[in-house]
Structure formats: structure tokens, C-alpha cells
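The values are calculated or read from the model by the stated rules, or taken from the named source; none is laboratory data. What you are looking at is a predicted structure, and each value in this text was computed from that prediction instead of being measured. Positions of Cβ are generated from backbone atoms using ideal geometry, with glycine treated the same way; all protein chains shown enter the neighbour counts. Please note that ligands, DNA and RNA were not included when accessible areas were found on the heavy atoms of the full protein model with its side chains. Shrake-Rupley method; radii C 1.70, N 1.55, O 1.52, S 1.80 Å.
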Amino acid sequence: MIDHLKLSPQALRRTCTLCDLPFDDTTQIQPLDEVIGQKRAVQALDFGLNMMSAGYNIFVTGIDGTGKSSIVRDIVERHAANLPVPDDWCLVHNFKDESSPKVLGLPPGQAPAFAKAMSKLMDDIRIELPKVLESAAFQEQYRRIQREYGEKQRKLFEELEGVARAKHLRIASDDDGYHAVPVENDTELTAEAFQKLPPEKQSEIERNLMDVQQHLETTLREIQKINDVINEHVEEITREMAQMVITERMRGLRERHIDHEGVRGYLDEVQEDILDHIDRFVSPEDHPDEPEEEDTIEDGIETFLRRYKVNVLVDHSEQKGAPVIFETNPTYPNVIGRIEKRSQMGILTTDFLMVQAGSMLKANGGFLIMEIDPLMQNPFIWDALKRSLQNRSLVIEEMSTDLGYATATWRPQEIPLNIKVILLGEYELFEWLQNEDSKFNRIFRVRADFDYEVSCSRETEERYARFVALVCKREGLLPFTRDAVAAVIEYGHRLVEDQQKLSLRFGPIVGLLKEAEYLARKAGKSAVDASFIEWATDAYRFRYNLYEEKIHESYVDGTILIDVTSHVIGQVNGLTVYQIGEISFGRPCRITAESFVGKPGIVNIEREVELSGSSHDKGVMILSGYLGRTFAKKYPIGVSISITFEQNYGEIDGDSASLAELLAAISTIGNVPIDQGIAVTGSVNQKGEVQAIGGINEKIEGFYDVCLAKGLTGRQGVILPKANVRHLMLRKDVVAAAEQKAFHLYAVSDVREAVEILTGIPAGEMNTNGNYPKETVFGKVQEALCHSWTHQREWLRQGTGLYAPILDSQ
């Protein structure tokens, strides 16, 4: 009666032989040079990379292990290789506003040469300027000026002295300057001698002193004017001589950058600033603000000369094509850039030479790839990134400015941005950003979604084989034999739990290849065969399945009660899956149901004690719909049904046990025993259709392991949804047990089929009167419900007359 529901051993696992592929091992096939099964993502990337309009940055979604990071990098690097190398970027002193350094963009590879040339220029000027100002030509002009104007000063002073002599005075000098003093007989008149003079004589001398003092002041003013003229002429010839030196030394630099307006303007400013500070180059020790010690004088001039250096932010001299930067640690300084500080006299200071570029500037003119998760952990970097992309310009500034406690404004000029940013993340975060961040959709208009599976075909299997060859070549692994490649393909089916699909999560597959090759090399083999694939899989599981073994021991020693041989009323072996990191495994769980007269409906004990998730609650509530649809056409269900997972102390979620719960409820109402040797998994809808669930392989294998430990009887097995048959990729020992008829799998699509397998009794079909045959399971349930309702009616009649009109109408 149920044999047609039993699955054949061939249906339990897809076996790959690759018998049609003409190779013995992977050395005989071409390594993969394309992307497997990601047509949608590849097309989206191609569109985003070629779309030059603003806002077409790319957000890449997909689960971990699909290789999206390496695939994106490979695609972007190949695209970037055909693009031109972008400009170098450097930072120079702003002579008009030192708090806002200027940014210069130079043709690729020229920034380091420009910085080196500027450094050499300043070294040459420091050497040549003093030489020129000490040269005979300069000294001759200097002496000529001194002679020409010195004679005028001498004549003025002689005239002054003549006036003073005529009034019996002399011009003397001391620390306070020049002044007139009275003389008598060519000797300065002392204060005592002055006091002895008659009053008339004293008054005369005082009038003479006043007249000469006025003449002295006028003469000194005229002499100072001549000094000013001398200084102007000296400064003029100094600037002329210095300008000749600077112009000569700058000629080559100007010619190399004749077409670059920014560099030409900067060199003009440098030349003018040097001319304004010639004394710094000639006599640095003359500055009172500089220390007098020889070593610190040198430090002082070096500090001053920093203003003429060039800070190379980005150097593309070794770049081929556009840059591709994969920022693995996207902090604010790493992405936007940083401004370093130095401590001087307990005060933090900075200058343009202490600015460092971040990955955004390094990728300017190319592509920047980053993970989204660390960006979202720091709102400052996320906001700065969006602002830069929206404005198409980059400002390197301290994060403290955004924080609100910066004490001074200091930031370089904005840098034009021409960059494509590619972010990698999960779909959930992408969806959240679309809904919650108003700027996100305007900036990231392209989504490249990576799939985790691909339809299996001969072509796909060939590409899988070529992928194995690629990994062997790239990682220097031993070759893999044909049967080893077949085992890898089967592993790909198992990863995605689908006989018609192959996994695109190549991360775990690469790990398996490396581990299998390690075992083969350790065993002294020259190639990796299928046995090492199995060995590596088992070894990996052994390293992580200690908890699984502890759980299994609880079934073996009776700590967890499980019956796999008897027939019990209201009891079904459901199947659950444990997830411990990358390891998942299944084990049976006893589900029991009890029915009794009481408030009609199903009591979900897990829900009552808050151990039930919303999906599980929904599954239990669906049972009420099915029971009502099937058995409450003529009268209501007048019983209370209590359902629970025995020995469960953690939260339960999901509806994959709803079929088992329904079968337990039917069993307890109809008083029909259930075979405990057959476990049940699957969800059910209100119409009694059995629906697919997840973790099917782990659940079946988990029950098989328990049955094997307790002793196989030849009658044990698992009921699973028919829709899950394509997902079977069971272990080879489970398949072997099925071949030996020691373990059985049944695929059902309706509750009735599961009822018949578990009870060995027909489920029953409703006749035209709305009744089920008495000897069927549904007939027994209907009879029990009818009996319960009859007793309730009688009990209510005897208890009170208030319900009689209602009951009579039923």
C-alpha cells in the first residue's frame, strides 16, 4: 500500500562520475578563466564600471563564501587595466594662507620628480645666493652705492659740525646717540664750569645748544633718508642678483611644466617668497627669533625651508592602468586621509608635509573596493564617504572637526574626485540602506547580486573541474584525479542541498581542496584521489563535532528518551537541526500530544512557556485549521489537545515539525498507535499538503545515526516532503543502508500518506454523508470527536438550562 512512496537508493544522492570528460587529472585541462553562474552579477558590474555618470557606484550583495570579493577584484582589475593612469597628487605650501595648503595634480609619475626637483632647487639656491652676494660684482655695486651716498652724508655732517663750531659747540656721540656739547678752548665744558659762568653767558650757550640741536635733528633725518635710499638700492640690487640666480635655477623646472598653470603659478609664488626672505638664506643667524647655537640655527633654517618642500600624496609612477584599491580596514584616516601632529613646547602643531593620503585619494581616477560592515560601524567615515561621492571632491580634514572640539581650522584645499566605489555587503543591509538612508539610492545606483547556486549541467560540471585546476595552479597543489573532481562536484551539491544545483560558495570548496591536498601530500601521493576528499571532509567534521558527539551520547545512554522500535499513541519522532558555527547536524526529538475534554483547541506548551518562535506558533495554529476542515464539518471539535517537544529546554522556531505535530494530534484523538521507528519532518498547510523544509540531509542522517546506535531493525526510516527529494545528498553509509533495505525513506505530499505509513491503517476518504469509514484512522478520529461532543452536550444539559437552545440548534 505504501511501497510507491518509498524512495529508491538512487534517489537519495546524485553521483557524479565525469565519465564523459576526457582527462585523467587536472593537469590535462585548462584552468578556469571565467566566472561560473554569476551572469546577473557580472552584467551589473560591467554596467556599473562603464557608466561614467555621477552616482553609478556599485553595491555588491551576496552571502559569504560565494567568492564575490575575489571575483569583483578580478573583474575590476581587468577593466582598470585598459584605462589611462590618473594624475599624481601633491600638496604644497600656500603662501597666502598657510592653513589651507594647495593641491597640485601632475601627470602620472611626475609628482616625485617635481618634489625632488624642488628639493634640489632649494639646495642650489642656499649655496648660490650667498656666493652671488659675496661676489666681486655685487660688492663693487655695494661699495659704489656706499661711496655715492656716503659722501652726501659726510657733507651734511660736516655742515652740521661747522654750524656747531661757529657757536662754540661740538657734536658728540654716546650710547644715547648724537648731541651737541659746549666747548671752551677746544675742551668740552663741564657742568661745574658751566655753573660758574655768568648768567648771561649761560643763557647764550643754552640758546646755541637749542639751535644746534634742531639742526642736528634735521641733519640726522636727512642722513636717515639717505640710509633708506642706500638700503633700497642695496635691496634692489640684491633682489636683482637673487632673481637672476633663482630664475636660472628654475628655468628647467618651468620648462618641464610649461603647460601646467598650477605649477607655474606655484613657482612664481616660491620665487617671490624667496626674494622676500633672502636674509634667511644669507644670514639665518641674524634673526633674533632664532637660537644662537650653531646646531639650532641650522634647525631653524631647515624648519623655515619646509615651506618649499612638496608633499607627494599619490605617486602613480609604477601604475599600469587605473588604480584598484581594496581597503581592508576602512577607518576614517585610512579612507579619507590623516593629518599628523608633532609636539613643540607642549603644543601640538602640524603643516602640509604631515598630511597623508587615504585610499580614496589613492584610488582617485580608478576604483575603491570596501566591505560595508566596518563602514557602518563608524558614522563619521560613512557620512564623509557619501559627502565626497556626492560632491565629487575630497577634503582631508581631522575627524575631530566633525566631533566638534577642534580648536583651529586647518585643512587642505578640496581635491577633485573621479572615482568608482564598490561596496561589498549582505542583502539585508543593502535593503535597510535603501529604505533608511535618503542619499544612498542617489549614490549607489547599481546593485550586483551574487547567487549562491547554479543549475547543474555538463557545462557547469566541466567548469567546476576547470575551477579545481585553477586552484591547483594558483596555490601550487598536487593535481586532482577525475574521481576526486567528481567528489568535489558532489560536495558542491551537498553544500547547496540540491541534486539539480551546484554551490557557488567557493570559499568552503577551496578549503576542502587545500585540506585534501595536504593529506595526499602527507601520504606521499603524487595526485589527490576521491579518498582524500572524503578523508578531508571527515577530518574537518571531526575537528568541530565534539558537541555533536556529546549530544549523540545522550541518546545512546538514555539521557534523552527516544524510542525507535515500538508503537505508541500520541507520540512521533520529529527531527531537528543543531547549528554550531559551520557545522550542522540533526537529531530526533520526541513530540507528544494528549487530548482530553476541555476548552476546544490546541495548547502549544512551548508557546505557553515562551520557548516558541513566531514561525513555530504559526505552524501549530495551522493544525487547528486542518483539523477543523477535516473533522468539524458536522459538529465542532470538542477536545483540548496539548502538544510539546519532550526534553526541550531551548527556543524552538520554524514550522518543519508541524506535520509531526499534526500526526501526533490525530493519533491521540483517534487512539491509533504510531510506529516509532519512522521519524517525520515536513511542514503542512491547512489543506493537508506537505511542504518542503530545510536541513533535510542533516535530519535524516541524525535519525539514522541514532537508529544505528540503538540497533537497526530493517523497518526504520524517515518520512519527508516529496518536494524535498531533489534536495537529498545523503552520506554514502545512509545510501548503503537503504540499498540493503535496512533504512527507508518515504516521500509524501499529503497528510493521509504520512498517516498510512506511520499507522499501517488507511487514512480514509469522506463519503457523501460527511463520514469516514470506521476502520480507517480518520474514521476513528471522527468517532472519538463525535463521542466527546455527545458527552459534552449531555454534561451541559445536566449542568444548566441556559445552553439548551444553543445545543438544540447544533
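The long axis of helix 68-80 is offset from the longest Cα principal axis of the chain by roughly 50 degrees.
Based on the alpha-carbon gyration tensor of the range 1-139 and its eigenvalue square roots a ≥ b ≥ c, which shape applies: rounded if a/c is under 1.5, prolate if not and a/b is larger than b/c, or oblate? Prolate shape, in that a/c is at least 1.5 and a/b is the bigger ratio. The heavy atoms of Lys525 present about 110 square angstrom of accessible area, all protein chains included, probe 1.4 Å.
Residues Phe596, Phe380, sorted by accessible area with the largest first, give Phe596, Phe380 [1.4 Å probe; ligands and nucleic acids excluded]. Cross-link pairs exceeding 29 Å in C-alpha to C-alpha distance, out of Lys120/Lys362; Lys309/Lys362; Lys687/Lys774; Lys732/Lys780, comprise Lys732/Lys780.
Highest-first packing order for the peptide set 182-195, 700-713 is 700-713, 182-195, based on the mean count of other beta carbon atoms within 10 Å. Net charge in the neighbourhood of Tyr626 (other residues with Cβ under 14 Å of its Cβ; Lys, Arg +1, Asp, Glu -1) is +1. Taking all protein chains as they are arranged and a probe of 1.4 Å, the heavy atoms of Glu34 leave approximately 80 Å² accessible to solvent. Extension gain, Glu200 to Phe304, is 31.0 nm, computed as 0.36 nm per intervening residue step minus the present C-alpha separation. Between Val421 and Ile58, Leu368, the built amide H atoms are under 5 Å apart, and every one of these is 5 or more places off in sequence or on another chain. Using θ = phi - 60° in the Karplus curve 6.51 cos²θ - 1.76 cosθ + 1.60, the 3J(HN,Hα) couplings for the range 538-545 round to 5, 5, 4, 5, 4, 5, 10, 9 Hz; x is entered for Gly and Pro. The range 34-106 and the range 438-472 have Cα centres lying 20 Å from one another.
According to the square roots a ≥ b ≥ c of the eigenvalues of the Cα gyration tensor, what is the shape class of the range 116-239, taking rounded for a/c under 1.5, prolate for a/b larger than b/c otherwise, and oblate for the remainder? Prolate shape, in that a/c is at least 1.5 and a/b is the bigger ratio. Packing-based ranking of 168-176, 468-476 yields 468-476, 168-176, ordered from highest to lowest mean Cβ neighbour count within 10 Å. Each residue of the range 140-155 is assigned a 3J(HN,Hα), and the resulting list reads 5, 5, 5, 5, 4, 5, 4, 5, 4, 8, x, 5, 5, 5, 5, 5 Hz, derived from the Karplus form 6.51 cos²θ - 1.76 cosθ + 1.60 (θ = phi - 60°), x at Gly and Pro.
Against the chain, whose longest principal axis is taken from its Cα atoms, helix 546-556 shows a tilt of about 20°. Shown in residue order for the range 178-191 are the 3J(HN,Hα) couplings computed by the Karplus curve 6.51 cos²θ - 1.76 cosθ + 1.60 at θ = phi - 60°: 8, 7, 8, 10, x, 10, 9, 6, 6, 10, 4, 7, 7, 5 Hz (x for Gly and Pro).
Quick check on the range 653-709: take the gyration tensor over C-alpha atoms, sort the square-rooted eigenvalues as a ≥ b ≥ c, and tell me if it's rounded (a/c under 1.5), prolate or oblate. Note, shape of the range 653-709 comes out oblate.
Explain nothing, just the number: relative contact order of the chain, from Cα pairs under 8 Å at least 6 residues apart, as a whole percent.
Computed over the chain, the figure is 16 percent.
Seen against the Cα atoms of the chain and their longest principal axis, helix 39-50 is set at about 20 degrees.
Across q = 0.18, 0.23 Å⁻¹, the range 1-57 modelled as identical point scatterers on its alpha-carbon atoms has Debye log10 I(q)/I(0) values of -0.84, -1.00, in the order of the q list.
Think of a 1.4 Å ball rolled over the protein heavy atoms: the chain then has 50 Å² of accessible area per residue.
Amide H contacts of Gly717: Ile678, Ala679, His744, each under 5 Å away and 5 or more positions distant or on a separate chain (H built 1.01 Å from N in the peptide plane; Pro and chain starts excluded). Given a 1.4 Å probe and the protein chains as shown, Phe281 ends up with an accessible area of around 20 Å².
Calculated [222 nm] ellipticity per residue, helices only, for the chain: -15500 deg cm²/dmol; basis is -39500 (n - 2.57) per DSSP H run with n ≥ 4, divided by all residues, nearest 500. Across all directions, the average projected area of the convex hull around the alpha carbons of the range 612-754 is 9.2 nm².
Take Met122, Met399 and sort them by solvent-accessible surface of the protein heavy atoms, 1.4 Å probe, largest at the top. All intermediate terms of the calculation are to be shown ahead of the outcome.
Details: Met122 10, Met399 60 Å².
Sorted descending by solvent-accessible area, the residues read Met399, Met122.
For the chain, the mean projected area of the C-alpha convex hull, equal to one quarter of the hull surface, is 65.7 nm². Largest to smallest in accessible area, the residues Met376, Met370, Met354 fall in the order Met376, Met354, Met370 (1.4 Å probe, all protein chains included).
The H on the amide N of Ala448, modeled in the peptide plane, is under 5 Å from the matching H of Phe59, Val60, Thr61, each at least 5 residues off or on a different chain.
If you roll a 1.4 angstrom probe over the protein chains with everything in place, what fraction of the accessible area of the chain belongs to carbon and sulfur, to the nearest %? Don't skip to the answer; put the middle values down first.
Working: 19980 of 40780 Å².
Carbon plus sulfur share of accessible area: 49 percent.
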